[in-house]
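Q: This is the structure I have questions about; it appears just below.
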Amino acid sequence: KENMQITIDGPASAGKSTIAKLIAKKLQYIYCDTGAMYRSATYVALKNKVRLDDDAALAQMLGQMTIRFQPGETEQRVFVNDEEVTDVIRTPEIANNVSVVAAQPSVREILTAQQRKIAAQGGIVMDGRDIGTAVLPHAQVKIFLIASVHERAVRRYKENVAKGINTPLATLEQEIAARDQKDSTRKISPLTKAKDAIEVDTTSMGIEEVVAKVMAIVKEKE
Ligand code: C5P
């Protein structure tokens, strides 16, 4: 089957974007990082001092901003209007505030509509929290990627060290658990495994192993 929809959902730092990017490359599909869209909204709200729980104000803000993805040399670059936000949306400040913004109904409605538009362009690998359940409920392949909190914190710790960020491992474990808690308990489109999603626990798996496993699942549906 050509131009399938592949959704990759799961908790924070489970490796969704790493795997999604590699799968998209193998299949020559579009890759869409929906977390980057919620992070971009959070970044602009903080910058413009829009209250993070003011749904109407956030909706108005989103109406005036365009989130764009552009292929880069190693990673996908993210732009808000003409400003590149690729790196600035990955800071702990954004990570620790994004769940509040992502819980607002109009924010979800607006970004979900944008995500469906992107998916309509062709074969797509989309990662996030609610892609298999709410954004693309008819996707042919749904993956739910998980790993233990400890393993996810260790992975984030290593990434941070490479970037010169020195948050202690225990703090990262707390932050990851807190974000999962908020994302799983919000009213609208909480983080949950779709009924027809296949769970892949990557706690003791390497990247190539996970990619091979997901590709095998994709091949079955082809
Ligand atoms: O995937 P990432 O960690 O970049 O996502 C950042 C945050 O954006 C999540 O913690 C969640 O609050 C929100 N999000 C969401 N729905 C998605 C993707 C991300 O609510 N589909």
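Read-outs: derived from the displayed coordinates by stated rules, not from any lab. Quick caveat: nothing in here was measured; it's all calculated off a predicted structure. Note that we place each Cβ from the backbone using ideal geometry, even for glycine, and neighbour counts take in every protein chain shown.
Q: Give the number of residues within region 179-192 that are in a helix (DSSP H, G or I) and either exposed (fewer than 15 other Cβ atoms within 10 Å of the Cβ) or touching a strand residue (DSSP E or B) at 6+ places or on another chain (Cβ under 6 Å) (or both).
A: Here the count works out to 3.
Q: Among the residues of region 198-209, is there at least one that is surrounded by 15 or more Cβ atoms within 10 Å (Cβ to Cβ) and small (Gly, Ala, Ser)?
A: no
Q: I've got another one for you. Do the conditions hold for ILE176, that is, is it aliphatic (A, V, I, L, M), part of a helix (DSSP H, G or I) and within 15 Å of the ligand (Cβ to nearest atom)?
A: yes
Q: While we're looking at this one, here's another question. Between residues in region 164-175 that are of a type outside the set (S, T, N, Q) and residues that are assigned to a loop (DSSP other than H, G, I, E, B), which pairs lie under 7 Å by C-beta distance while being six or more apart or on different chains?
A: Taking only residues 6 or more apart or on different chains, the pairs are GLU175/ASN96.
Q: Given the conditions (1) within 12 Å of the ligand (Cβ to nearest atom); (2) more than 30 Å from GLY63 (Cα to Cα), and given that GLN181 satisfies all but one, which numbered condition is not satisfied?
A: (2)
Q: Also: In region 5-32, what residues are out of contact with any strand residue (DSSP E or B) (no Cβ under 6 Å at 6 or more places or on another chain) and surrounded by fewer than 21 Cβ atoms within 10 Å (Cβ to Cβ)?
A: THR18, LEU22, LYS25, LYS26, LEU27, GLN28
Q: Answer with yes or no whether VAL107 is within 11 Å of the ligand (Cβ to nearest atom) and in contact with a helix residue (DSSP H, G or I) (Cβ under 9 Å, 6 or more places away or on another chain).
A: yes
Q: Another question about this same structure. I need the helices (runs of 4 or more DSSP H) fully contained in region 1-81, keeping only those with at least 2 residues that are within 11 Å of the ligand (Cβ to nearest atom).
A: Result: 16-27, 34-47.
Q: When you go through (1) in contact (Cβ under 8 Å) with a residue 60 or more places away in the chain; (2) outside any helix (DSSP H, G or I); (3) in contact with a strand residue (DSSP E or B) (Cβ under 6 Å, 6 or more places away or on another chain) one by one for HIS138, which number turns out not to apply?
A: Answer for HIS138: the failing condition is (3).
Q: For region 155-173, name all the residues that are of a type in the set (Val, Ile, Thr) and away from the ligand (no atom under 16 Å from the Cβ).
A: VAL161, THR171, listed by residue number.
Q: Say we look at region 131-146 and pick out the residues that are over 19 Å from ILE23 (Cβ atoms) and within 12 Å of the ligand (Cβ to nearest atom); which of these is surrounded by the most Cβ atoms within 10 Å (Cβ to Cβ)?
A: Filtering region 131-146 for residues that are over 19 Å from ILE23 (Cβ atoms) and within 12 Å of the ligand (Cβ to nearest atom), the one surrounded by the most Cβ atoms within 10 Å (Cβ to Cβ) comes out as THR133.
Q: So which pairs qualify, if the first residue must be in region 103-116 and more than 10 Å from ASP55 (Cβ to Cβ) and touching a residue at least 12 places away in the same chain (Cβ under 8 Å), the second must be away from the ligand (no atom under 12 Å from the Cβ) and part of a helix (DSSP H, G or I), the Cβ gap must be under 8 Å, and the two must be at least 6 apart or on different chains?
A: Between residues of region 103-116 that are more than 10 Å from ASP55 (Cβ to Cβ) and touching a residue at least 12 places away in the same chain (Cβ under 8 Å) and residues that are away from the ligand (no atom under 12 Å from the Cβ) and part of a helix (DSSP H, G or I), the close pairs are ILE110/ALA59; ILE110/LEU62; ILE110/GLY63; LEU111/LEU62.
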